[in-house]
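Remarks on the structure that follows.
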Amino acid sequence: MFQQNLMAAGPVIYPLILCSLVAAMLLIERIVSLLRYDASITSDCVERFKRNQLERTEVQPATAADGLRLLSVNRQYSKSLRDEVLSQWLEHQSQFLHARIRWLTIIGAVAPLLGLLGTVLGIIDMFQDVSHQAGPITPAILASGMWEAMATTALGLIIAIPTIVAAQSLSIWSDFRIEGISARLNQCSLWLEMQWESGGSSQPQTPTLEEVSAA
């Protein structure tokens, strides 16, 4: 009964169904991407970093260890330059982890508006039918029309609520991972600075124009 009335709720039902399908695909893709993203920096990587035995490599999918390799490659430069390089790398990782989450937010905002539009159009159609009714207007006629009109609003909210919750949860999850990686890399960068201050490593260098261009 609900499905029959839902499909009779008007043309707005089709973009709502499309929104639900797109939101489901985006949600699955983001969950898989975040689960596959390796945000851990193991103690073994840190030890090899301290011994300068890490090399910068291009790894797909991206991992947090790439940031440590990048820090190792630029260890001879000053802390301010290292932090700038890491900041740009972290921004790139943040964009990767937050990719397409905004689309989920848009769908969560548009779905209830589409549902409301369907309700308004349904009410308009209902009153047009009532105006052409020759006999007496019974509550059953009005209730049937209102039920069909309100179905799109209900569907819009059913789509919007979990979509918005999922988008915010994914955003929090991504931010948590980026903050953890950033804290770990900052610790390693500070360790390099302490090594230089204690005389355990050579003085930081200023990069040449060719090195900046290559970076």
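The values are calculated or read from the model by the stated rules, or taken from the named source; none is laboratory data. Nothing here was measured: the structure is a model prediction, and the numbers come from that model. For neighbour counting, all protein chains shown are included, and Cβ atoms are generated from backbone atoms with ideal geometry for every residue, glycine included. With ligands, DNA and RNA removed, areas are computed over all heavy atoms of the protein, side chains included. Shrake-Rupley method; radii C 1.70, N 1.55, O 1.52, S 1.80 Å.
Might you let me know whether the range 132-140 holds any residue that is more than 27 Å from the chain's Cα centre (by Cα), part of a helix (DSSP H, G or I) and modelled with pLDDT under 90?
Pass one, the range 132-140, residues more than 27 Å from the chain's Cα centre (by Cα): 132-140.
Those left that are additionally part of a helix (DSSP H, G or I): 139-140.
Cutting the leftovers down to modelled with pLDDT under 90 gives us 139-140.
Yes, the conditions are met somewhere in the range 132-140.
Do we find a residue being touching a Lys or Arg at 6+ places or on another chain (Cβ under 7 Å), small (Gly, Ala, Ser), at pLDDT 75 or above and under 26 Å from ILE164 (Cα atoms) anywhere in the range 37-57?
yes
Within the range 60-77, can one find any residue that is loosely packed, with under 13 Cβ neighbours inside 10 Å, free of Cβ contacts under 8 Å to residues at least 60 places away in the same chain and not in a helix (DSSP H, G or I)?
Residues of the range 60-77 loosely packed, with under 13 Cβ neighbours inside 10 Å: 60-61.
Right, trim to free of Cβ contacts under 8 Å to residues at least 60 places away in the same chain and you get 60-61.
From the residues that got through so far, the ones that are not in a helix (DSSP H, G or I) too are 60-61.
Checked against the condition, which is being loosely packed, with under 13 Cβ neighbours inside 10 Å, free of Cβ contacts under 8 Å to residues at least 60 places away in the same chain and not in a helix (DSSP H, G or I), the range 60-77 yields at least one hit.
Would you pick out the residues in the range 15-38 that are in contact (Cβ under 8 Å) with a residue 12 or more places away in the chain and closer than 23 Å to THR119 by Cβ?
As a first pass, look at the range 15-38 and keep what is in contact (Cβ under 8 Å) with a residue 12 or more places away in the chain: 15-16, 19-20, 22-23, 26-27, 29-31, 33-34, 36-38.
Listed by number, the residues that qualify are PRO15, LEU16, CYS19, SER20, VAL22, ALA23.
Kindly establish whether TRP173 is open to solvent by 40 Å² or more (accessible area, probe 1.4 Å), modelled with pLDDT of 90 or more and touching a helix residue (DSSP H, G or I) at 6+ places or on another chain (Cβ under 8 Å). Steps first, please.
On the way: open to solvent by 40 Å² or more (accessible area, probe 1.4 Å): yes; modelled with pLDDT of 90 or more: yes; touching a helix residue (DSSP H, G or I) at 6+ places or on another chain (Cβ under 8 Å): yes.
In short, yes.
Of everything in the range 34-50, what is of a type in the set (Val, Ile, Thr) and surrounded by 15 or more Cβ atoms within 10 Å (Cβ to Cβ)? Give them in sequence order.
Within the range 34-50, ILE41, VAL46 meet the criteria.
So, in the range 92-122, how many residues would count as being open to solvent by less than 50 Å² (accessible area, probe 1.4 Å) and part of a helix (DSSP H, G or I)?
14
Of the conditions (1) touching a strand residue (DSSP E or B) at 6+ places or on another chain (Cβ under 6 Å); (2) modelled with pLDDT of 80 or more, HIS98 satisfies every one except a single condition; which number is it?
(1)
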